[in-house]
Amino acid sequence: MVKYSLISSLTFWLLTSIGAVTAQDGTSYLLPPSIITDMILAEPAPSVNIDDRGQWMVLSRYDGYPPIEELARPELRLAGLRMDPQNFSPSRMRFITSLQLQDMSTGETHSISGLPDPLAASQVSWSPKQSKIAFLHVTRERVDLYIIDPVSRKANKINSSPLNTITGGYQWYDEETLIYRAVVKPAGEAPPRPLAPKGPAIQENYGQASPRPTYQDMLRSPHDEDLFRFYTTTQLIRNTRGQEVLINDPAIYQRISISPDKQYMLVKTIQPPYSYLVPMSGFPSSLVVMDMDGQVVRHLADLPSTETAPSGYDNVQLVPRGHTWREDMAATLVWCHPLDSGLINRASEFRDAVYTWTAPFDDQPKLLCKTTMRYRGITWGNASVALVLEGLTSKQSIQTSLLDPSSGAMTLLQTRNTTDAYSNPGNPVLIPNEFDQDVLFISRDGKLLFNNTTGSSPKGDLPFLMSYELGTKKADTLWRCGPDYFEMIVKVLDPEQLTLVTRRENQTEFPNYWLKHLRRRIADRQLTSFKNPYPQIEGITKEKIRYKRADGVDLTGDLYLPNGYEARRDGPLPVILWAYPREFQSRDDAAQNRGSENRFTMMNWGSPVCYATQGYAVLNNAEMPIVSTGEDKKPNDDFIDQLRLNAEAAIQTLSDLGVGDRDRVAVGGHSYGAFMAANLLAHTDLFKAGIARSGAYNRSLTPFGFQNEDRTYWEAPDVYHEMSPFSYAHRIKAPLLLIHGDADNNTGTYPIQSERMFNAIKGHGGTARFVSLPHESHGYQARESILHTLAEQLHWLDKYVKGATGKS
């Protein structure tokens, strides 16, 4: 157990790190104190995958953080994809290194014979009737497909052709058959890069608007196009008990969806010309229905590149979209088409029309219904019951209606703000039908079930299970989490008898799985006994604090205090405030209580909670709502002022509680949280220092929108300028630590954002440090990078916050 001490860190840590981190050139990787290292590198508990019958649990243990050598392996970045050119799989994957089976009736855990050694598995899934388990195994040279028989507890490799999983994995056809994409040519036949280019790379535009976000990893040259075509072209294969049959010719298959009756496939293939502006998902494509031998039954659509899609979150192209199979019928397609030319500002009673088309597709498609908002999808039940979801992102609005598919009649059930957590009913409970497709559970007395795994309420998050009677429209809460735990339903095994599997935890009890019988009144039975892998945090206290900002908006944050700390005895502590802003159209929604005191603290590389072991008060998840202040205003119109209000309220509250020293506070965040931290340093004197990881600081470099801002730079230049901390870099006087992965793939957060921000602060004589992490993307993966980041942050805090005195 760790005892609280005013000593900031170990002597060894101080001696080995201070000199190194002040250097301007490259340094060796650093380590934080061993107590932090041990927490971060602790083996996590296994993940759990339960079959629908409640017989078996698959226990999967993932590898820890890989060494930097893994990230340094060859990688191609093409058309928004990152791939391993040696084995035709996505790069930077996290693999399962151990698979076990646990009998849910006895609790006995079994090993599985025939597993590869060492195991590098992914995409574990149950067969349609839950009799087998499939997974992919990835080696340096290839990807293979394995099947596990739970009865014999034996795994067997079933493929001879190596899989190509760059554009997708495998899918079950039936208990004996799977469909997957296979490699067409070996990696050694990849097009070589020419010593001299044939000519310049040219892009052109002739009067057509293309307001696209700033995507990364785009195609840049004809050679990139050749490589993209080579690595994404695959051969469809049907494998039955190890026998492979080719389906159709090789193509760039973006999507394959099998009809419920298993007679047809909905197939989407990528077509040239390839875009240099949008990722593969936005390339031109062809959509067809094939039979299971690969013969085209019906051509559905040739879809254009999304380069020409209108800007704005609720604007869509004037083309059909959202093609799926209707899960409650043998072979019926469903899709929608805009009725307002795809432009949300165009007056129209209805936004989208939803159509169906039944095999063999000889007649004309039929109109099913029309939506007043943008169509988001249908959850099918049976011939008379389905749920239609529609919404508007720009209005933060979502609507659910009850649909009678036989007549097209719709009854509105609920319209709510997407940010209104209190009114969220959760997700409907689904069960497999005769086609092994998940459809709405409808009880014998005509009720639906809704499972809310968050359960936000004025008392905090309390997950619940609710019934909804279709006839009377009456909702009843069948079960709700109690006040002493955070417990959520992870699987409904028997919706009629209400037999459930839950995941239960509190501050001191690590999450474990339980079997619960609501109708049979049998005592809950614990299914797993996972132990706390982080004994170092025992004694650290957690409290969800509630406070108000000056304009009355309610806020919360998770306050962590060191083991053994007493405010009266030890006095106020240096503070780390870590946050991520969120936009709200509704003031009431912004003020809702979110989170639970009863969540166990799970340690991960991105969390600042580990610094509570070093004598800091940590206010994690400090709420930073940005609220619209009028019908004609958007939240970001007052972004800076509201950031200031949020930060002032948090600091004042910690000071009033006697736990936080208002003159020794640091602010930090990742991505949009980094953007927030830089803005707070530029526009306030509340903080002694800041930490900004992988952020974007100059909004003119994301001119066609960012985060939840859908106005362009040219529509709202003042907003873009005022929100950019780069515009006010000359005002940043508190020390700012900038960290960025040099292979960041996130839209908008190019590494140049941190480079230019550092140069701007340096050019005006500010105090800043820029750490560029080799081979790291937007989220950091290598253990060396993660431990170095934690060490850098701690040194920055110790140097500029813990030992600081007086105002900044």
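The values are calculated or read from the model by the stated rules, or taken from the named source; none is laboratory data. These numbers come from a predicted model, not from an experiment. Cβ sites come from the backbone with ideal geometry, for glycine too, and all protein chains shown count toward neighbours. Side chains included, ligands, DNA and RNA excluded: accessible areas come from the protein's heavy atoms. Shrake-Rupley method; radii C 1.70, N 1.55, O 1.52, S 1.80 Å.
Out of curiosity, is Thr477 closer than 23 Å to Leu555 by Cα, at pLDDT 95 or above and open to solvent by 20 Å² or more (accessible area, probe 1.4 Å)? No, not satisfied. Screening Leu686, Leu645 for residues that are in a loop (DSSP other than H, G, I, E, B), surrounded by fewer than 24 Cβ atoms within 10 Å (Cβ to Cβ), modelled with pLDDT of 95 or more and of a type in the set (A, V, I, L, M, F, W, C) leaves exactly one candidate, Leu686.
Among the residues of the range 560-587, the ones that are part of a helix (DSSP H, G or I) and touching a strand residue (DSSP E or B) at 6+ places or on another chain (Cβ under 9 Å) come to 2 in all. Here Asp420 meets the list (1) open to solvent by less than 20 Å² (accessible area, probe 1.4 Å); (2) in a loop (DSSP other than H, G, I, E, B); (3) under 25 Å from Ala591 (Cα atoms) almost entirely, failing just condition (1).
Pairs linking a residue in the range 467-489 that is closer than 24 Å to Tyr513 by Cβ to a residue that is basic (Lys, Arg), with Cβ atoms under 6 Å and 6 or more positions apart or on different chains, are Ser467/Lys447; Tyr485/Arg504; Phe486/Arg599; Glu487/Arg504; Met488/Arg503. Given the range 238-282, what strands (runs of 3 or more DSSP E) lie entirely inside it while holding 2 or more residues that are under 30 Å from Thr747 (Cβ atoms) and either touching a residue at least 12 places away in the same chain (Cβ under 8 Å) or of a type in the set (A, V, I, L, M, F, W, C) (or both)? Output list reads 253-258, 264-270.
Here's the yes/no breakdown for (1) at pLDDT 95 or above; (2) open to solvent by 30 Å² or more (accessible area, probe 1.4 Å); (3) in contact with a helix residue (DSSP H, G or I) (Cβ under 9 Å, 6 or more places away or on another chain):
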residue: Thr332; (1), (2), (3): yes, no, no
residue: His337; (1), (2), (3): yes, yes, no
residue: Ser348; (1), (2), (3): yes, yes, no
residue: Thr358; (1), (2), (3): yes, yes, no
residue: Thr372; (1), (2), (3): yes, yes, no
residue: Arg376; (1), (2), (3): yes, yes, no
residue: Ser394; (1), (2), (3): no, yes, no
residue: Ser406; (1), (2), (3): yes, yes, no
residue: Met410; (1), (2), (3): yes, yes, no
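Inside the range 747-777, can you point out the residues that are closer than 18 Å to Leu76 by Cβ and either open to solvent by 20 Å² or more (accessible area, probe 1.4 Å) or assigned to a helix (DSSP H, G or I) (or both)? Within the range 747-777, Pro774, His775 meet the criteria. Looking across the range 95-112, the residues that are within 16 Å of Ile147 (Cβ to Cβ) and within 26 Å of the chain's Cα centre (by Cα) come down to Ile96, Leu99.
Close Cβ contacts (under 9 Å, 6 or more residues apart or on different chains) running from residues in the range 122-144 that are at positive phi to residues that are surrounded by fewer than 18 Cβ atoms within 10 Å (Cβ to Cβ) and not hydroxyl-bearing (Ser, Thr, Tyr) comprise Gln130/Asp52; Gln130/Arg53; Gln130/Gln55; Gln130/Pro432. Among the residues that make up the range 198-206, is at least one of them of a type outside the set (D, E, K, R), assigned to a loop (DSSP other than H, G, I, E, B), in contact with a strand residue (DSSP E or B) (Cβ under 6 Å, 6 or more places away or on another chain) and open to solvent by less than 70 Å² (accessible area, probe 1.4 Å)? No: the range 198-206 contains no residue that is of a type outside the set (D, E, K, R), assigned to a loop (DSSP other than H, G, I, E, B), in contact with a strand residue (DSSP E or B) (Cβ under 6 Å, 6 or more places away or on another chain) and open to solvent by less than 70 Å² (accessible area, probe 1.4 Å). Scanning the range 39-60 for residues that are under 29 Å from Leu794 (Cβ atoms), of a type outside the set (A, V, I, L, M) and surrounded by 14 or more Cβ atoms within 10 Å (Cβ to Cβ) returns a single hit, Pro44. Restricting attention to the range 222-237, the residues being open to solvent by less than 50 Å² (accessible area, probe 1.4 Å) and either assigned to a helix (DSSP H, G or I) or out of contact with any Pro (no Cβ under 7 Å at 6 or more places or on another chain) (or both) number 10. In the range 517-537, the count of residues that are under 30 Å from Asn646 (Cα atoms) and either open to solvent by 20 Å² or more (accessible area, probe 1.4 Å) or assigned to a strand (DSSP E or B) (or both) is one or more. The residues listed here are Asp570, Asp641; of these, the one that is free of Cβ contacts under 8 Å to residues at least 40 places away in the same chain and out of contact with any Leu (no Cβ under 7 Å at 6 or more places or on another chain) is Asp641. All of (1) open to solvent by 30 Å² or more (accessible area, probe 1.4 Å); (2) within 16 Å of Asp461 (Cα to Cα) hold for Thr502 with one exception: (1). For Leu701, state whether it is crowded, with 24+ Cβ neighbours inside 10 Å and either farther than 19 Å from Gln642 by Cβ or hydrophobic (A, V, I, L, M, F, W, C) (or both). No.
Condition check: at pLDDT 95 or above, under 27 Å from Ile398 (Cβ atoms) and buried (at least 19 other Cβ atoms within 10 Å of the Cβ). Does Leu573 satisfy that? In short, no.
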